[in-house]
Amino acid sequence: MTRSENEQAILDELICRYPRLESVRAAVADAFALMADCYAHGGKLLIAGNGGSCADAGHIVGELMKGFKMRRPLSAEMKKRLEEADPENGRMLAESLQGSLMAIDLTGHAALSTAFANDVDGDLAYAQQISGYGRAGDVFLGISTSGNAKNVDYAVTAARACGLKVIGLTGGSGGRLGRRADVAVIVPETETFKIQELHLPVYHALCLMLEERFFG
């Protein structure tokens, strides 16, 4: 799957603004290719992390599930179906709702996660959700600044068992996540907050490229 000129321009701008990320240019391109192929075949993205990476997971979902930089009008068919489903409010919904790229933040289900932690083991909560939500062809994006978060690592195992591809977003040496992921974006920093500062422009670029691919 080749990149368009606009998609390539987004990647080039990322490196121009953050020259230190030249070392992960190829990995970012590979991560985009995995995600784009997943969405092209009707799949979804499952995302998890801890602490600041938990916040990043939610941030990514927010960029994918609604318009980021572009307007994402619904298809004519979907607009028609909304209007048929509700003659009173359907037109408003048809003009207001936006196209989505399906993404699920595994960190955001407090009742499920706390119940599983209480009944079984909190470190397995992401793996449990992967085993429930994951389908072959989906992608799991694990975010861990060290690459060694146990709950993310267990989720990688569940993802492999369910036929998902794995993208790791990490730093330092990459840790276990860097070694186990199909694509590992290991940003060139070692301190947690500095790794997180580089994660944000990377995933913004990925979201922009995906939006360009499917809504441009």
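Listed values, structure above:
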quantity	calculated
Residues satisfying the stated conditions in region 167-216, i.e. β-branched (V, I, T) and open to solvent by 10 Å² or more (accessible area, probe 1.4 Å)	V183, I186, T190, T192
Listing of strands (runs of 3 or more DSSP E) fully contained in region 138-216 that carry 3 or more residues being over 17 Å from N50 (Cα atoms)	183-187
Residue in region 62-80 that is assigned to a helix (DSSP H, G or I) and crowded, with 19+ Cβ neighbours inside 10 Å present	yes
Inter-residue pairs, beta-carbon under 9 Å, first under 19 Å from Q196 (Cα atoms) and in region 5-20, second part of a helix (DSSP H, G or I) and open to solvent by 60 Å² or more (accessible area, probe 1.4 Å), 6+ apart	L11/R25; L14/R25; I15/E22; I15/R25
Lone unmet requirement of (1) surrounded by fewer than 14 Cβ atoms within 10 Å (Cβ to Cβ); (2) modelled with pLDDT of 95 or more; (3) aliphatic (A, V, I, L, M) for A110	(2)
Members of region 16-54 that are in a helix (DSSP H, G or I), open to solvent by 30 Å² or more (accessible area, probe 1.4 Å) and within 24 Å of C162 (Cα to Cα)	D30, A33, L34, D37, A40, C54
Tally, over region 96-151, of residues that are within 30 Å of F215 (Cβ to Cβ) and without any contact (Cβ under 8 Å) to a residue 12 or more places away in the chain	2
First in region 185-214 and farther than 17 Å from A29 by Cβ, second anywhere and polar (S, T, N, Q) and outside any helix (DSSP H, G or I), Cβ under 6 Å, 6 or more apart	T192/T145; I195/T145
Residue identified as of a type outside the set (D, E) and more than 14 Å from F32 (Cα to Cα) among L177, L206, L210	L177
Single residue of L164, L124 found to be more than 23 Å from Q196 (Cα to Cα) and crowded, with 24+ Cβ neighbours inside 10 Å	L164
T2, sole failed condition from (1) of a type in the set (S, T, N, Q); (2) part of a helix (DSSP H, G or I); (3) without any contact (Cβ under 8 Å) to a residue 40 or more places away in the chain; (4) under 28 Å from G178 (Cα atoms)	(2)
Selection status of A57, at negative phi, in a helix (DSSP H, G or I) and open to solvent by 10 Å² or more (accessible area, probe 1.4 Å)	no
Among the residues listed as E13, E88, the single one being on the phi < 0 side of the Ramachandran plot, in a loop (DSSP other than H, G, I, E, B) and surrounded by fewer than 20 Cβ atoms within 10 Å (Cβ to Cβ)	E88
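The values are calculated or read from the model by the stated rules, or taken from the named source; none is laboratory data. Remember, it's a predicted structure, so these values are computed and weren't measured experimentally. Glycine gets a Cβ as well: all are built from the backbone with ideal geometry, and neighbour counts include every protein chain shown. For accessibility, only protein heavy atoms count, side chains too; no ligands or nucleic acids. Shrake-Rupley method; radii C 1.70, N 1.55, O 1.52, S 1.80 Å.
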